Amino acid sequence: MDQFRYNSYAQEIIFGVGSLDHLSEVVERMGCRRLMLCANHSMQVNGHISAVENILGERLISVFDRVHSHVQDVQFDEVVSLAVENNIEAIIGMGGGSPIGMAKAVSAALGKDANTAFPVIAIPTTYAGSEMTPVYGITNTKEDPPRKVTANNPNVVPRLVIYDPNLTLDLPPKLTGSTGINALAHCIEALYSIKRNPISTAAATSGVNHIFNSLLPCYTHPDDLEARTEMLLGSHLAGLSLASVTMGLHHGLCHVLGGTANVPHGIANGIILPHAIRFNAETTATQLLPVAAEMEIPVVGLKPVIAIEAMVQKLFHYIGQMNLPQHLRDAGAGLQESDLPYLAELAFQNHTVQNNPRPITNEMQIAELLRDAW
Ligand code: NAD
């Protein structure tokens, strides 16, 4: 790593139990008087939306509480209209990567540059990591099949991120496990990224440690606040590592599976990650040795590719312990084996896939991986 180049972003991060209470003070300091909140419906049911309403009072002008997964274009148009009608000055995304992505997409649509883009505030309640990045996606449902298009706009990086572990206590076990594997995947693809840098590697290495310490305890004891706090820290570090690098085959493929086949992002991550690690092992084994060591693989004296294959076997078992689907045929969303060649074709055109550390020269390589994962 003698030469590197990366962007970092101006963000205020507030982390810790009860940190949602700081929302009012920071919004005041930002000078925002008219805010809009985007969330999932579950945030209404579990009272998190009411908590924000109580904190912001009359400054919260509009609430859109039914953001669907993968930010659908129809909903996006609806939220943009609401933001314009209500003369919004800042937008909050609370929940998983989808409402946070919606907030970024709306800010991008309404602002022309860094000075006019209105601020995004992110309050993550899953481990997906979108709060740390300038990237968002919109699913074009008018295409058949639908296709998710991602954009990278530094003006919409959330200016304030509030990580309050209290808001994750009701995240159900399946979402805990699947979005936790998404966080792990951010660390793994950051460690072997073609754009890796000292900060991404340090954040990813520490992230892996916190995730392995806490993800299973969060899955088995969802109300363990200490484990929830450590897992949120792991996902923050994973998001930080993700923000300054390009991802590879794994993430590009998960985006295609989500946008086109509507597979939930975390579920796609749990199925694809071990296969993607195995696919890349010849090129990336050395970078992943710290992860293997964290998984208690005795790496000393082993050839790196052998250690990584042992890690892959252990990872299948680890993901299985959280009862997550491990085959694409079990991913739901009506996916058929006959869809795989088309998905491989789409993935081959995906920009993120093309940044994979092991060059991908034809779509058959991806089709083979998908068949292994079927
Ligand atoms: P999601 O936002 O679609 O949410 C999944 C489910 O979690 C929803 O049903 C929601 O209601 C539920 N949920 C969230 N928090 C909850 C809580 N505390 N209690 C109960 N239920 C809760 O899923 P996600 O996996 O968080 O995010 C995936 C989306 O984010 C994908 O579209 C993905 O592409 C995107 N993403 C983007 C980035 C980026 O850098 N831009 C990074 C990661 C993911």
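Can you tell me which of (1) closer than 22 Å to T361 by Cα; (2) within 16 Å of the ligand (Cβ to nearest atom) is the one N269 doesn't meet? Against the list (1) closer than 22 Å to T361 by Cα; (2) within 16 Å of the ligand (Cβ to nearest atom), N269 comes up short only on (1). The set of residues in the range 343-355 that are in contact (Cβ under 8 Å) with a residue 40 or more places away in the chain and not small (G, A, S) comprises L343, L346, N350, H351, T352, V353, Q354, N355.
Determine whether P217 is surrounded by fewer than 24 Cβ atoms within 10 Å (Cβ to Cβ), closer than 30 Å to F4 by Cα, over 14 Å from the mean Cα position of the chain (by Cα) and at pLDDT 95 or above. Considered against the rule, which asks whether it is surrounded by fewer than 24 Cβ atoms within 10 Å (Cβ to Cβ), closer than 30 Å to F4 by Cα, over 14 Å from the mean Cα position of the chain (by Cα) and at pLDDT 95 or above, P217 comes out as no. If only residues of the range 224-257 that are more than 12 Å from the ligand (Cβ to nearest atom) and outside any helix (DSSP H, G or I) are counted, the one that is farthest from L160 (Cα to Cα) is G248. With a requirement of 1 or more residues that are modelled with pLDDT of 95 or more, under 27 Å from V245 (Cα atoms) and in contact with a Leu (Cβ under 8 Å, 6 or more places away or on another chain), the strands (runs of 3 or more DSSP E) lying completely within the range 1-71 that satisfy it span 12-15. Against the criterion of being surrounded by 22 or more Cβ atoms within 10 Å (Cβ to Cβ), away from the ligand (no atom under 15 Å from the Cβ) and either on the phi > 0 side of the Ramachandran plot or within 19 Å of the chain's Cα centre (by Cα) (or both), I121 qualifies.
Hey, can you tell me all the residues within the range 202-214 that are within 22 Å of H250 (Cα to Cα) and buried (at least 21 other Cβ atoms within 10 Å of the Cβ)? If the condition is that a residue be within 22 Å of H250 (Cα to Cα) and buried (at least 21 other Cβ atoms within 10 Å of the Cβ), then A203, A204, G207, V208, H210, I211 are the ones that fit. Within the range 169-182, if we keep just the residues that are of a type outside the set (S, T, N, Q) and within 9 Å of the ligand (Cβ to nearest atom), the residue that is nearest to L20 (Cα to Cα) turns out to be L169. When the criteria are applied in full, A39 meets the requirement of being within 15 Å of the ligand (Cβ to nearest atom) and touching an Asp or Glu at 6+ places or on another chain (Cβ under 8 Å). Taking the condition in a loop (DSSP other than H, G, I, E, B) and either surrounded by 19 or more Cβ atoms within 10 Å (Cβ to Cβ) or of a type in the set (K, R) (or both), does S178 pass? Criteria not met by S178.
Among the residues of the range 279-306, those that are of a type outside the set (V, I, T) and touching a residue at least 60 places away in the same chain (Cβ under 8 Å) comprise F279, N280, E282, Q287, L288, P290, E294, M295. Going through (1) within 11 Å of the ligand (Cβ to nearest atom); (2) surrounded by fewer than 24 Cβ atoms within 10 Å (Cβ to Cβ); (3) in a loop (DSSP other than H, G, I, E, B) one by one, N166 falls short only on (3). Which residues, counting only those in the range 92-118, are outside any helix (DSSP H, G or I) and more than 13 Å from E131 (Cβ to Cβ)? Hits for the range 92-118 are G111, K112, D113, A114, N115, T116, A117, F118. Residues of the range 46-77 that are aliphatic (A, V, I, L, M), farther than 24 Å from A109 by Cα and within 15 Å of the ligand (Cβ to nearest atom): I49, A51, V52.
The values are calculated or read from the model by the stated rules, or taken from the named source; none is laboratory data. All figures in this text were calculated on a predicted structure; none of them were measured in a lab. In this analysis, Cβ positions are derived from the backbone assuming ideal geometry, glycine residues included, and neighbour counts consider all displayed protein chains.
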